[in-house]
Amino acid sequence: MLMLLSEDSLTINSLADNFDMSRPAVSKHIKILDNAGFISIQDIGRERYCTLKKDGFEELQAWLSYFDQFWGAKLKKLENLLNNKLPN
Amino acid sequence: MAKIIKHQFFFSHPQETVWEYLTKSELMAQWLMKNDFQPIVGVDFQFRTGPIPSLNFDGIFYCKVLEVVPFKKLSYSWKSGPGEGKITLDSVVIWKLEPKDKGTEVFLEHRGFAKKENLDFYNGLLHGWVEKFQNIDKLLNAAHHGNTNS
C-alpha cells in the first residue's frame, strides 16, 4: 500500500482494488498507517484520499543514522575519558 | 537498514568504574551530555544539547529511568521533539555491563524509534506476507461460506 501511495494519492477504494482483500480489511490497514504517521487521510467529496507522508519515514531513518554515529562517538569519548583520568 | 542500534565496546577498566561513568550526572556530562540524571527507577530527567532542526529536535531529550540493576544493567526511555511538549521520537536506551578479564564489556541498545513496530509490520507486508494472510482468509471463507471475498 505504501509503495502504491508513494506513486500517487489514492482513494481507499482505488487502493482496495489492488488487493484481494475486503474493503474493511483495507480500512484497518489504512488506520494503522494513519496512526503511525505514515499517511494522511482527507475526505474530498464522497471519497477518502490517502497520501503518503514522506516525513515519517525520512525522520525515522534520519534519527537512526544520527544515533548510530552519535553512540559510536560517545563511547569513544568515554573511553578516552577513562583512559586519561584513571590508570588501567 | 537496522532498526535497533547496537554497540559493543570493551573498556579496560573495572565494572564499578564504568558503572559510575554511566550513572553519575557530573561524570556523564563529560562524555555524553549535560543532564540531571539519577539512577532511581521512575525518575524523570533530561539531557540537554544543541538543537537539530532537520530532525525536528529542540535539543532536549526527555528521559525516564526504567530499570537499574547496580553495576549490571541500566535502562531509560529517551524521547524528544520540536518543543512545546510535542514528542516525535520515543525510544529506549539499554546499557548492559559484563565483567571481563582485565576490564568490562559494555553492550548498548537503542531501540523503539516510535513507529518501529509498525515499520517492521509494513516491511513484512511489502515482502509478501499479505499474500499468505489472504490465502488463509480465502481458505477460511471457502470453508465457512463456500465463496471468496469480493
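Table for the structure above
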| quantity | calculated |
| --- | --- |
| Residue match in the range B:30-42 (condition: part of a loop (DSSP other than H, G, I, E, B), at positive phi, out of contact with any His (no Cβ under 8 Å at 6 or more places or on another chain) and facing chain A (nearest Cβ under 9 Å)) | no |
| Candidate set from the range B:57-90 (those that are of a type in the set (A, V, I, L, M) and over 13 Å from the mean Cα position of the chain (by Cα)); member that is surrounded by the most Cβ atoms within 10 Å (Cβ to Cβ) | B:V68 |
| Residues of the range B:1-26 satisfying the condition of being more than 7 Å from chain A (Cβ to nearest Cβ), crowded, with 18+ Cβ neighbours inside 10 Å and either in contact with a Gly (Cβ under 7 Å, 6 or more places away or on another chain) or free of Cβ contacts under 8 Å to residues at least 60 places away in the same chain (or both) | B:T23 |
| Among (1) more than 7 Å from chain B (Cβ to nearest Cβ); (2) acidic (D, E); (3) touching a strand residue (DSSP E or B) at 6+ places or on another chain (Cβ under 7 Å) - the single one A:D68 does not satisfy | (1) |
| In the range A:42-57, residue nearest to the other protein chains (Cβ to nearest Cβ) [restricted to those that are surrounded by 15 or more Cβ atoms within 10 Å (Cβ to Cβ) and at pLDDT 85 or above] | A:C50 |
| Selection within the range B:50-70 - assigned to a strand (DSSP E or B) and at pLDDT 90 or above | B:I60, B:F61, B:Y62, B:C63, B:K64, B:V65, B:L66, B:E67, B:V68, B:V69 |
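The values are calculated or read from the model by the stated rules, or taken from the named source; none is laboratory data. Predicted model, so just to flag it, every value in this text is computed and none were measured. All Cβ positions, even for glycine, are placed from backbone atoms using ideal geometry, and neighbour counts span all protein chains on display.
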